[in-house]
2 protein chains.
Amino acid sequence: MFQHFDELSQKSASAARLALLRAEMARRGLDAFLVPRSDEYQGEYVAPYAERLSWLTGFSGSAGLAIVLADRAAIFVDGRYTVQVREQVDVRLFEPHDVTEEPPYQWLAGAIAEGAKVGFDPWLVTADQAQKFRTACAKAGASLEGVAENPIDAVWADQPARPANPVAAQPLQFAGRSTADKLGDIASSLTAAGADATVLTMPDSIAWLFNIRGSDITHTPVALAYALIGADGSASLFIDADRIEEDARASLPEAVSFKPPGGFAAALAELAAAGTAVLIDPASAPEAVRATVLASGGNVVTAADPCLLPKAKKNATELQGARAAHRRDGVAMSRFLAWLAREAPKGGLDEIAVATRLEALRAETGELREISFDTISAAGPHAAIPHYHVTTASSLKVEPGAILLVDSGAQYVDGTTDITRTVIVGEPSAEMRDRFTRVLKGMIAVSRLRFPKGTTGAHVDALARQALWAGGFDFDHGTGHGVGSYLSVHEGPARISRTGHTPLEPGMILSNEPGYYKEGHFGIRIENLLVVMPATSIKGGERDMLGFETLTLAPIDRRLIDADLLGPEDRAWLDAYHDRVAREISPFLEAEDLAWLEAATAPL
Amino acid sequence: MFQHFDELSQKSASAARLALLRAEMARRGLDAFLVPRSDEYQGEYVAPYAERLSWLTGFSGSAGLAIVLADRAAIFVDGRYTVQVREQVDVRLFEPHDVTEEPPYQWLAGAIAEGAKVGFDPWLVTADQAQKFRTACAKAGASLEGVAENPIDAVWADQPARPANPVAAQPLQFAGRSTADKLGDIASSLTAAGADATVLTMPDSIAWLFNIRGSDITHTPVALAYALIGADGSASLFIDADRIEEDARASLPEAVSFKPPGGFAAALAELAAAGTAVLIDPASAPEAVRATVLASGGNVVTAADPCLLPKAKKNATELQGARAAHRRDGVAMSRFLAWLAREAPKGGLDEIAVATRLEALRAETGELREISFDTISAAGPHAAIPHYHVTTASSLKVEPGAILLVDSGAQYVDGTTDITRTVIVGEPSAEMRDRFTRVLKGMIAVSRLRFPKGTTGAHVDALARQALWAGGFDFDHGTGHGVGSYLSVHEGPARISRTGHTPLEPGMILSNEPGYYKEGHFGIRIENLLVVMPATSIKGGERDMLGFETLTLAPIDRRLIDADLLGPEDRAWLDAYHDRVAREISPFLEAEDLAWLEAATAPL
């Protein structure tokens, strides 16, 4: 099993740990200290050694920040976690804040005294974030100081070791483009940006560029490393050379040299000392990187990580892999949904049994490398929590009349999947069918859309919500995120949301997952992955348009649809989708699973 | 008549005028000079004395810029004017460029020699624009220098005088909020922004704040003036006091003092010299304002013009006025459309006759102060030019089988209107009906939309295009712009377009005008004005939603609709709209006009 169901959050240990940190802060003369949920690579997920925020506060969400002063402390989380933070954290120790309503910069400026010394670990804070804290401190007459060693590491007695797992090649048959070619592209984009070199820390940028995969982070097949890339096409990868498997080493061009990870900061300083113009993405580069470049006499060129866009635009080989991965995953999902349809009405299933069965069916494909994130297996009221995480303590029985929402994904060597299906056990209420159908209409509107070049996710997002808005409903998350190719299940730079300002380009894989959540009652989400397809001429049309190809292949629960709310085009889309699912998946099913699929994919 | 149909553009005079300017540039040691289409107030429209770009090049569009060097010159226009510029300008003298494809900054950097002296009039270029030219000059090793007197004024022998027309009060019964109250609001927003004062130059900001209206600019009822506003609620208006009519003077609070316009720069310098923090909107403040503040020892606080948002959010009185103005305008439009339906099939009408008749019918309301812009009266292939301007030389006959597109508006004391109707003379082709219906579906999708707080025009824009995109079509302008209250027909900050990032807020009036243009054949545009309405609870809904109320009241040509392409909701919207038009307009029509309206507004 890749997923476990234990509650690791240790709220009760928080008071003692906070006291230890404060003593250490006092020893170092710090009046405040920032504790973000990040590591020195600034990827979305971190290894256990870097779970400093969780160790200190008990909060286990994937984003957050604590600020510790001598006599008070606060924790800042986003809308996804405002309920969870109050369950996991002792709010007498850490005042919880919504990061949007009260940004930590603002809170800090109001909470510290003039002359205060605010410490932070410059490897754990991005250049952009540091800039905001610096402004806040200046406003309060305080100083912001980067610490050389993280005070939490000094007092965290049983801090786990840093991961150093083997690093394998992502073969060209799946990567589709060699590292030599990718390095050439990056070198050109550095030259175009007026930069001599760039620093990469983001684990998925490094994995993509060097065609390597690792297991340093749970569920995301990356290795933790740093890289320096020159506009001349040279590259240094800072990682223990003995972690690199022979095939990975053999597939890298000579322009790539391996260096010990401990030498990264010195190498960066040396590079910068020659007056080098170093491209830095302030949204992802640690502040320590920016500061090192400037302190050593280098120039900073501010621009997006040059790997972001080419990584997001999957090549033909990656798309072929994605289709194969989704067919395989669709077989496992269809077997899972068929099993649910048979077993759930008998009673006796709980959320953990559901998640366990799904992982087992994916494992039976023989190709499962990992799950792409912890399965959200949410019954009844739990489905109303978009990011619900089941534990042995929380696992609910799957009751008749309840909705079951399952959001899950797999890591196969040829692709990453992410799918949500919401099913009813027994008979749905009219309310459930109304809301499900509105969500489905939004999902279909995005799936069917044709759009011109230059269209962004912000332009598309409202289409997924229109039917909900018309009824006075909405959902509080984006409609979709980018997805990697056997990489991170959340990938930039494009997304379908109010703030998705990157144009949608051919080859980008995005999720399409509108939802509806009625707190304490039920929740709905329907998610397919889509890939932006190249411009095609529409018969009789005058302009080339882009469109989406749906990758995900699994039935959508027809019992939850109110067909009267669907327009003829919605209906045509759904029937055609189900027909395709039947054609592509049924060859791989047998007996009762096959019979179920045929019924589940019949026209409305 | 407010509109004339003469071609004023004088292409043939261009060579001699260019020679005069170059001689003047040489006298002053300038290697290049920038000629924008703007005045020292940076409003959208300018008075004849400021038509320097048109005088020099012949180009009469509402936006553009020429760059003159000793041996070459170029003119930069946006997508609206790429055809027009080639007709009006001698392209052997001025190379035409699309401002998006080749920004003037970029062109300049490539065209000038190291050490060159690039002159510009700092009153005619915004702070933002100046910054871009400064960067471009620095890149080329050239210097950018503001000139004290515009060299064109030195050589333009018969330059018209600056307008100095009477300035009237906009009475409280139409403005809805007194200048004293508005000044209090602006003072609060200055304090919140950390500024001690601000400079206003935009004519509509000044007209709104001081509740005054003028006629210095054709079609837009504003007076040209400057203003300094203090965070203490004081205000100085730089305008000749003898232009102010008694009622306008009487309605202004004591905190407002009148000062001679010639004293503005000195007053600004004096204000800044005290170390004052002056709020400047770099998108609309002349570079001269920014430079004066900094040179005099003041601090610049960069923020949006504080009048923009409160001006855009019309108060209840203004909305009541808008409804009355649109009912009145709807009567004139309906009479006009009825007249067209009777007269056009007889043959003999041309584009000028159409525009003339429409203005006459508006004048017959007895309330017409001005038209809000030159009527676009475009028959057949001319309808494919979104910003077509009819002259005696261009005016086409209205032929049977041709589409006629009429985009027009009025200035009434209680509101500004802007409406486009596209009608068919005789029988439309299947293609015309298909495209018209797709445009209509987009227009209806926006009109019907409910949306939550925070939604911007960029989020809404795709809804207006979806039906066109599905067929492989699109249009190359935004879906809608803000509209003033007896002010400018184009008003910021909100707009419905890819780049409309201002949230739509209650009280904002916006146009909704998707279109379709087939070059050389025909064009379609359907335009209503909408007002964003406050949050209302939808029955059975869980969240408050905003919506649009349609202001414009005139039939949409049913002969151009392919009813098979409309969904049931489209149809319901259209029938309800026509029913409302009939109810509100028919009491004011008689005889054959009334009979026409009843037929034109019958259910589909």
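Kindly evaluate residue A:458 against the criterion of being open to solvent by 10 Å² or more (accessible area, probe 1.4 Å), facing another protein chain (nearest Cβ under 9 Å), touching a Lys or Arg at 6+ places or on another chain (Cβ under 9 Å) and of a type outside the set (D, E, K, R). Explain how you work it out, then say what you get.
Working: open to solvent by 10 Å² or more (accessible area, probe 1.4 Å): no; facing another protein chain (nearest Cβ under 9 Å): yes; touching a Lys or Arg at 6+ places or on another chain (Cβ under 9 Å): yes; of a type outside the set (D, E, K, R): yes.
In short, no.
Applying the selection to the range B:83-98, what residues are of a type in the set (Val, Ile, Thr) and crowded, with 19+ Cβ neighbours inside 10 Å? Let's see the steps before the verdict.
Here is the first cut: in the range B:83-98, the residues of a type in the set (Val, Ile, Thr) are B:83, B:85, B:89, B:91.
Of everything in the range B:83-98, those that are of a type in the set (Val, Ile, Thr) and crowded, with 19+ Cβ neighbours inside 10 Å turn out to be B:85, B:89.
What are the residues in the range A:239-248 that are touching a strand residue (DSSP E or B) at 6+ places or on another chain (Cβ under 8 Å) and either over 17 Å from residue A:205 (Cβ atoms) or outside any helix (DSSP H, G or I) (or both), if any?
Restricting attention to the range A:239-248, the residues satisfying the condition of being touching a strand residue (DSSP E or B) at 6+ places or on another chain (Cβ under 8 Å) are A:239, A:241, A:243-245, A:247-248.
Selection gives A:239, A:241, A:243, A:244, A:245, A:247.
Could you tell me which numbered condition residue A:122 fails, if it satisfies all but one of (1) open to solvent by less than 50 Å² (accessible area, probe 1.4 Å); (2) farther than 30 Å from residue A:23 by Cβ; (3) not charged (D, E, K, R)?
Failing condition for residue A:122: (2).
Search the range B:380-392 for residues that are under 14 Å from residue B:82 (Cβ atoms) and pair each with any residue that is of a type in the set (A, V, I, L, M) and surrounded by fewer than 19 Cβ atoms within 10 Å (Cβ to Cβ) when their beta-carbon atoms are under 9 Å apart and the residues are at least 6 apart or on different chains.
Listed by first residue and then by second, the contacts come to B:385/B:83.
Would you check if there is a residue in the range B:462-471 being without any contact (Cβ under 8 Å) to a residue 40 or more places away in the chain and more than 13 Å from every other protein chain (Cβ to nearest Cβ)?
no
Taking the conditions exactly as written (in a helix (DSSP H, G or I), farther than 17 Å from residue A:67 by Cα and in contact (Cβ under 8 Å) with a residue 40 or more places away in the chain), does residue A:194 satisfy them or not?
Numbers: in a helix (DSSP H, G or I): no; farther than 17 Å from residue A:67 by Cα: yes; in contact (Cβ under 8 Å) with a residue 40 or more places away in the chain: yes.
No: the conditions fail for residue A:194.
For residue A:433, indicate whether it is within 14 Å of chain B (Cβ to nearest Cβ), crowded, with 23+ Cβ neighbours inside 10 Å and over 25 Å from the mean Cα position of the chain (by Cα). Don't jump to the end; show me each part of the working.
Values: within 14 Å of chain B (Cβ to nearest Cβ): yes; crowded, with 23+ Cβ neighbours inside 10 Å: no; over 25 Å from the mean Cα position of the chain (by Cα): yes.
Judged against the criteria, residue A:433 is not a match.
Given the options A:360, A:324, A:341, name the one that is closer than 22 Å to residue A:588 by Cβ, free of Cβ contacts under 8 Å to residues at least 12 places away in the same chain and surrounded by fewer than 21 Cβ atoms within 10 Å (Cβ to Cβ).
Working: A:324 fails: free of Cβ contacts under 8 Å to residues at least 12 places away in the same chain; A:341 fails: free of Cβ contacts under 8 Å to residues at least 12 places away in the same chain.
Step by step, each of A:360, A:324, A:341 is checked, and only A:360 is closer than 22 Å to residue A:588 by Cβ, free of Cβ contacts under 8 Å to residues at least 12 places away in the same chain and surrounded by fewer than 21 Cβ atoms within 10 Å (Cβ to Cβ).
Are any residues in the range B:103-157 touching a Gly at 6+ places or on another chain (Cβ under 9 Å), part of a strand (DSSP E or B) and not aromatic (Phe, Trp, Tyr), and if so, which ones?
Result: B:117, B:119, B:143, B:144, B:145, B:146.
Run residue A:236 past the list (1) part of a helix (DSSP H, G or I); (2) under 24 Å from residue A:181 (Cα atoms); (3) among the small types (Gly, Ala, Ser); (4) open to solvent by less than 30 Å² (accessible area, probe 1.4 Å) and report the number of the one that doesn't hold.
Checking residue A:236 against (1) part of a helix (DSSP H, G or I); (2) under 24 Å from residue A:181 (Cα atoms); (3) among the small types (Gly, Ala, Ser); (4) open to solvent by less than 30 Å² (accessible area, probe 1.4 Å), the one that fails is (1).
Listed here are the residues, each with its yes/no results for (1) touching a helix residue (DSSP H, G or I) at 6+ places or on another chain (Cβ under 9 Å); (2) of a type outside the set (D, E, K, R); (3) closer than 28 Å to residue B:478 by Cα; (4) part of a helix (DSSP H, G or I).
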| residue | (1), (2), (3), (4) |
| --- | --- |
| B:12 | no, yes, no, yes |
| B:20 | yes, yes, no, yes |
| B:25 | yes, yes, no, yes |
| B:29 | no, yes, no, no |
| B:41 | yes, yes, yes, no |
| B:49 | yes, yes, no, yes |
| B:61 | yes, yes, yes, no |
| B:68 | yes, yes, no, no |
| B:93 | yes, yes, no, no |
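Okay, residues lined up against (1) under 27 Å from residue B:322 (Cα atoms); (2) free of Cβ contacts under 8 Å to residues at least 60 places away in the same chain; (3) more than 31 Å from the chain's Cα centre (by Cα):
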residue	(1), (2), (3)
B:491	yes, no, no
B:499	yes, yes, no
B:503	yes, yes, no
B:509	yes, no, no
B:520	no, no, no
B:539	no, yes, yes
B:580	yes, yes, no
B:584	yes, no, no
B:590	yes, yes, yes
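Has the range A:405-418 got any residue that is more than 14 Å from chain B (Cβ to nearest Cβ), open to solvent by 10 Å² or more (accessible area, probe 1.4 Å) and not acidic (Asp, Glu)?
Looking through the range A:405-418, at least one residue is more than 14 Å from chain B (Cβ to nearest Cβ), open to solvent by 10 Å² or more (accessible area, probe 1.4 Å) and not acidic (Asp, Glu).
Which of the numbered conditions does residue A:373 fail, given that it passes all the others? Conditions: (1) away from chain B (no Cβ under 14 Å); (2) under 27 Å from residue A:77 (Cα atoms); (3) not in a loop (DSSP other than H, G, I, E, B).
(3)
So residue B:80 ticks every box in (1) open to solvent by 60 Å² or more (accessible area, probe 1.4 Å); (2) assigned to a helix (DSSP H, G or I); (3) free of Cβ contacts under 8 Å to residues at least 60 places away in the same chain but one. Which box is left unticked?
Every condition holds for residue B:80 apart from (3).
Give just the number: which of (1) under 19 Å from the mean Cα position of the chain (by Cα); (2) of a type in the set (Val, Ile, Thr); (3) open to solvent by less than 50 Å² (accessible area, probe 1.4 Å) does residue A:398 not satisfy?
So residue A:398 meets the others, but not (1).
Considering each residue of the range A:461-479, count those that are within 17 Å of the chain's Cα centre (by Cα) and either open to solvent by 10 Å² or more (accessible area, probe 1.4 Å) or charged (D, E, K, R) (or both), and give that number.
In the first step, residues of the range A:461-479 are kept if they are within 17 Å of the chain's Cα centre (by Cα); the result is A:476-479.
Retained after the next criterion (residues that are either open to solvent by 10 Å² or more (accessible area, probe 1.4 Å) or charged (D, E, K, R) (or both)): A:476-478.
Going through the range A:461-479 one residue at a time, the tally reaches 3.
What residue, of B:148, B:140, is free of Cβ contacts under 8 Å to residues at least 40 places away in the same chain and surrounded by fewer than 17 Cβ atoms within 10 Å (Cβ to Cβ)?
Testing whether each residue is free of Cβ contacts under 8 Å to residues at least 40 places away in the same chain and surrounded by fewer than 17 Cβ atoms within 10 Å (Cβ to Cβ) leaves just B:148.
Based on this model, can you work out whether residue B:423 counts as open to solvent by less than 10 Å² (accessible area, probe 1.4 Å), aliphatic (A, V, I, L, M), modelled with pLDDT of 95 or more and not in a helix (DSSP H, G or I)?
Working: open to solvent by less than 10 Å² (accessible area, probe 1.4 Å): no; aliphatic (A, V, I, L, M): yes; modelled with pLDDT of 95 or more: yes; not in a helix (DSSP H, G or I): yes.
When the stated conditions are applied, residue B:423 does not pass them.
Hey, any hits in the range B:180-199 for a residue that's of a type in the set (Ser, Thr, Tyr), farther than 19 Å from residue B:40 by Cα, within 29 Å of the chain's Cα centre (by Cα) and modelled with pLDDT of 95 or more?
To start, the set of residues in the range B:180-199 that are of a type in the set (Ser, Thr, Tyr) comprises B:188-189, B:191, B:198.
Checking which are farther than 19 Å from residue B:40 by Cα leaves us with B:188-189, B:191.
Applying the additional criterion that residues be within 29 Å of the chain's Cα centre (by Cα) yields B:188-189.
Within this subset, residues satisfying the condition of being modelled with pLDDT of 95 or more are B:188-189.
So far as the range B:180-199 goes, yes, one or more of its residues are of a type in the set (Ser, Thr, Tyr), farther than 19 Å from residue B:40 by Cα, within 29 Å of the chain's Cα centre (by Cα) and modelled with pLDDT of 95 or more.
For the range B:490-604, give me every one of the strands (runs of 3 or more DSSP E) that falls completely inside it and has 1 or more residues that are away from chain A (no Cβ under 14 Å). Steps first, please.
Values: elements: B:491-496, B:509-512, B:515-518, B:522-525, B:528-536, B:545-550.
By residue number, B:491-496, B:509-512, B:522-525, B:528-536, B:545-550.
Which ones in the range A:254-299 are part of a loop (DSSP other than H, G, I, E, B), open to solvent by less than 40 Å² (accessible area, probe 1.4 Å) and more than 21 Å from residue A:43 (Cβ to Cβ)?
If we filter the range A:254-299 for residues that are part of a loop (DSSP other than H, G, I, E, B), which is where we start, we get A:254-255, A:260, A:274-276, A:281-285, A:296-298.
Then drop every residue that is not open to solvent by less than 40 Å² (accessible area, probe 1.4 Å), which leaves A:275-276, A:281-282, A:284-285, A:296, A:298.
Scanning the range A:254-299 gives A:275, A:276, A:296, A:298.
So, in the range B:29-62, of the ones that are farther than 19 Å from residue B:488 by Cβ and under 20 Å from the mean Cα position of the chain (by Cα), which residue ends up surrounded by the fewest Cβ atoms within 10 Å (Cβ to Cβ)?
Residues of the range B:29-62 farther than 19 Å from residue B:488 by Cβ: B:29-35, B:49, B:52-59.
Narrowing the set further to residues that are under 20 Å from the mean Cα position of the chain (by Cα) leaves B:49, B:52-54, B:59.
Details: B:49: 15, B:52: 25, B:53: 25, B:54: 21, B:59: 28.
Within the range B:29-62, the match that is surrounded by the fewest Cβ atoms within 10 Å (Cβ to Cβ) is B:49.
Given the criterion over 23 Å from residue B:479 (Cβ atoms), part of a loop (DSSP other than H, G, I, E, B) and touching a Phe, Trp or Tyr at 6+ places or on another chain (Cβ under 8 Å), identify the matching residue among B:428, B:400.
Going through B:428, B:400 in turn, just one is over 23 Å from residue B:479 (Cβ atoms), part of a loop (DSSP other than H, G, I, E, B) and touching a Phe, Trp or Tyr at 6+ places or on another chain (Cβ under 8 Å): B:428.
The values are calculated or read from the model by the stated rules, or taken from the named source; none is laboratory data. Not measured: the values here are computed from a predicted model. Note: ideal-geometry Cβ built from the backbone for every residue, glycine included; neighbour counts use all protein chains shown. Protein only, heavy atoms only, side chains kept; ligands, DNA and RNA dropped before computing areas. Shrake-Rupley method; radii C 1.70, N 1.55, O 1.52, S 1.80 Å.
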